[in-house]
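Worksheet: one structure, shown below.
The values are calculated or read from the model by the stated rules, or taken from the named source; none is laboratory data. Remember, it's a predicted structure, so these values are computed and weren't measured experimentally. Every residue, glycine as well, gets a Cβ built from its backbone with ideal geometry; the counts of neighbours run over all protein chains shown. Side chains included, ligands, DNA and RNA excluded: accessible areas come from the protein's heavy atoms. Shrake-Rupley method; radii C 1.70, N 1.55, O 1.52, S 1.80 Å.
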Amino acid sequence: MREVRVEPFLIARHPLTVAQVRHWLPEYEDGFADSDAGTARFEDDLDDLLGMLPFRLPSEAEREYAARAGTSTLTFRGDGRPDEDQVLDGFADEVRTAAAENAFGLAAMGSANEICADVWIPHFTDAPVDARPRGGDGPRVVRGGGGDLHPWQGCDEWLLLLSATRDAFHDFTAVRPVAPVPTGQEASGVARCA
């Protein structure tokens, strides 16, 4: 475990939806979403979206801080291993029920792969302690993704719901944008990241 200083930031309550993405990319098509209200997933058009957004991606530390919502447990629900029904009820994002919100009011944390600003490095050696994203060449970090593997195959997909789960971006990902806190309302905190 390491301590990371996280400055205040605003983060979207949900990953961007298909309808929201079409605001910036009118020709966007998503074969994964059931409706325009569903979470948008990106492959080839991710860089196009990022060039258009007036927001930024969260750093890996910001994303974990938001997912943990003040907890130090495996998931924001506690240390117990969730069964299939708990995963679908407690982490689902398509329905967006209050049951899927963590203590910060953020829904679906861990359900979809969510891309971060950091470049993938398989360890935390020399990682910044001030929550800045790690730069460089290569794929970005994704966090979460448990709900993307439904229907559950019994191969411990729930591990992707853990707050500390991370991987390199390979296929499709969701975007949960962040923005700075408006001037005059700032305070900082310390987060414990795995």
Q | Residue that is surrounded by the most Cβ atoms within 10 Å (Cβ to Cβ), among those in segment 101-139 that are of a type in the set (Val, Ile, Thr) and not in a loop (DSSP other than H, G, I, E, B) | A | Ile115
Q. If you check every pair at least six apart or on different chains, which have Cβ atoms under 8 Å apart with a residue in segment 169-194 that is at pLDDT 85 or above first and a residue that is open to solvent by less than 70 Å² (accessible area, probe 1.4 Å) and hydroxyl-bearing (Ser, Thr, Tyr) second?
A. Ala174/Thr39
Q. Is one or more of the residues making up segment 13-36 in contact (Cβ under 8 Å) with a residue 24 or more places away in the chain, within 18 Å of the chain's Cα centre (by Cα) and part of a helix (DSSP H, G or I)?
A. yes
(Q) When the residues of segment 1-54 are narrowed to those that are among the aromatic types (Phe, Trp, Tyr) and open to solvent by less than 50 Å² (accessible area, probe 1.4 Å), which ends up nearest to Pro180 (Cα to Cα)? (A) Phe9
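To keep it simple, each residue is scored yes or no on (1) closer than 21 Å to Pro180 by Cβ; (2) among the β-branched types (Val, Ile, Thr); (3) in contact with a His (Cβ under 8 Å, 6 or more places away or on another chain); (4) modelled with pLDDT of 75 or more.
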residue: Tyr65; (1), (2), (3), (4): yes, no, no, yes
residue: Asp93; (1), (2), (3), (4): no, no, yes, no
residue: Arg96; (1), (2), (3), (4): no, no, yes, no
residue: Glu101; (1), (2), (3), (4): no, no, no, yes
residue: Cys116; (1), (2), (3), (4): yes, no, no, yes
residue: Pro133; (1), (2), (3), (4): yes, no, no, yes
